[in-house]
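I have placed the structure first, in the form of structure tokens, so that the comments after it can refer back to it.
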Amino acid sequence: MNLAKLKFIYIFITSIFFCVNSLYSNELDTKKNFEFSVRRHKGILNPFESELFEDTFRQNARRYDNSANFTELISRYNFSNPKYSIYGSFYELNKRSFSQNYFGTQSERFGKVLFYPNAIGDYFRMQANAGLGIRLVGYDLIVLNAGLMYLKSELASGSNFSNTQTFGQKFLGPELSIQLNSSTFYSFSVSLEYKIFYLLGRIQNEYAFASNNSPFGFIKVDSNPYSRYFGTEVTGKLNYHLIENISLSLGGRFMNAKVKPDDMRVNSGDTAYDFSQNIGFGFINGNSYRDKIESIFLEVNFRFN
């Protein structure tokens, strides 16, 4: 079952539980001051850096499903009066030998073009969030969250000057989300969160390789343009309350963002190469890239006074 189908199932289940919640209200006592959660994700990565790699080296690539496991830590402290809370979250992931599928030779036997995976570097990503929550309805039936989001990632390969590349991004900016939590029904509940964010920062576009066509014998580009990063994130989960202070959850998260560099022009000193690259960047995608992560997760949540 792919993640698109899982996304539909989560939203469908959420709708059912919120309808049931309007008829039945058997809520557990969740008035705990401190919450701490551990999420274990199984994600599929389609990062901005892989698209920049394709455009830079003019590769005819087809997406390769790069999966990665990573752990996210989440905490929230609830103030009793007024109905405010503060929250924070953090995760870090590493994907070695990040791969793309590339066109291979045509198969005479089957009469079709074959694709083969090729590692293009090691991928690293770190994200941290922190902010203030306001409980709008009930204790936590509807919560509005506003805070800051910090993101850093990079795709790097090569260990010598003649062939090396580092593509990355670093952003900071505001985020805003609305969180819906159903009442507990036979020890089960459903949570749904919709988030938007708009971040500012820079991207890293650095690479070098040997070239017989260059008068210098190599091409070297070192560019770090200002950029914008904006998009949405949807998280849904089904919760099972083991006891008053501990619950288990199965959920999914779908993050889709756009990266918009202000200027992608390169200046390597090789006039012919620079002209070709700058024309290509302008016509291929208008300096716009996607950054996408989809994951399913298991979560354990602890609540304390």
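Number of residues in the range 239-260 that are surrounded by fewer than 22 Cβ atoms within 10 Å (Cβ to Cβ), part of a strand (DSSP E or B) and charged (D, E, K, R) equals 2. For the range 210-234, the candidate set comprises residues that are surrounded by 13 or more Cβ atoms within 10 Å (Cβ to Cβ) and in contact with a helix residue (DSSP H, G or I) (Cβ under 9 Å, 6 or more places away or on another chain); within that set, the residue that is farthest from TYR194 (Cα to Cα) is SER214.
Of all the residues in the range 95-118, those that are part of a strand (DSSP E or B) and either at pLDDT below 70 or surrounded by fewer than 13 Cβ atoms within 10 Å (Cβ to Cβ) (or both) number 14. Can you pull out every residue in the range 209-238 that is part of a strand (DSSP E or B), in contact (Cβ under 8 Å) with a residue 40 or more places away in the chain and more than 23 Å from the chain's Cα centre (by Cα)? Answer for the range 209-238, where residues must be part of a strand (DSSP E or B), in contact (Cβ under 8 Å) with a residue 40 or more places away in the chain and more than 23 Å from the chain's Cα centre (by Cα): PHE209, ALA210, PHE218, ILE219, LYS220, VAL221, SER223. Determine whether LYS170 is charged (D, E, K, R) and at pLDDT 90 or above. Taking the combined requirement at face value, the residue satisfies it. Within the range 261-280, does at least one residue satisfy the condition of being surrounded by 14 or more Cβ atoms within 10 Å (Cβ to Cβ), assigned to a strand (DSSP E or B) and either of a type in the set (D, E, K, R) or at pLDDT 90 or above (or both)? Checked against the condition, which is being surrounded by 14 or more Cβ atoms within 10 Å (Cβ to Cβ), assigned to a strand (DSSP E or B) and either of a type in the set (D, E, K, R) or at pLDDT 90 or above (or both), the range 261-280 yields at least one hit.
Among all positions in the range 172-190, there is no residue which is surrounded by fewer than 20 Cβ atoms within 10 Å (Cβ to Cβ), among the charged types (D, E, K, R), assigned to a strand (DSSP E or B) and more than 17 Å from the chain's Cα centre (by Cα).
Pairs please, first residue from the range 65-89 and more than 30 Å from SER99 (Cβ to Cβ) and touching a residue at least 24 places away in the same chain (Cβ under 8 Å), second anywhere and basic (Lys, Arg) and surrounded by 15 or more Cβ atoms within 10 Å (Cβ to Cβ), Cβ atoms under 6 Å, 6+ apart in sequence or on different chains. Pairs found: LYS83/ARG135; SER85/ARG76; TYR87/ARG76. Residue count for the range 136-149, restricted to those that are surrounded by 17 or more Cβ atoms within 10 Å (Cβ to Cβ), at pLDDT 90 or above and not polar (S, T, N, Q): 3.
Quick one: is LEU199 free of Cβ contacts under 8 Å to residues at least 60 places away in the same chain, surrounded by fewer than 18 Cβ atoms within 10 Å (Cβ to Cβ) and in contact with a strand residue (DSSP E or B) (Cβ under 8 Å, 6 or more places away or on another chain)? Spelling it out, it is not the case that LEU199 is free of Cβ contacts under 8 Å to residues at least 60 places away in the same chain, surrounded by fewer than 18 Cβ atoms within 10 Å (Cβ to Cβ) and in contact with a strand residue (DSSP E or B) (Cβ under 8 Å, 6 or more places away or on another chain).
With respect to ASN60, determine if the residue is surrounded by fewer than 18 Cβ atoms within 10 Å (Cβ to Cβ), at pLDDT below 95 and farther than 30 Å from GLN277 by Cα. Considered against the rule, which asks whether it is surrounded by fewer than 18 Cβ atoms within 10 Å (Cβ to Cβ), at pLDDT below 95 and farther than 30 Å from GLN277 by Cα, ASN60 comes out as no.
The values are calculated or read from the model by the stated rules, or taken from the named source; none is laboratory data. Everything numeric here is computed off the predicted structure, so don't read it as measured data. Positions of Cβ are backbone-derived with ideal geometry, glycine not excepted, and every protein chain shown enters the neighbour counts.
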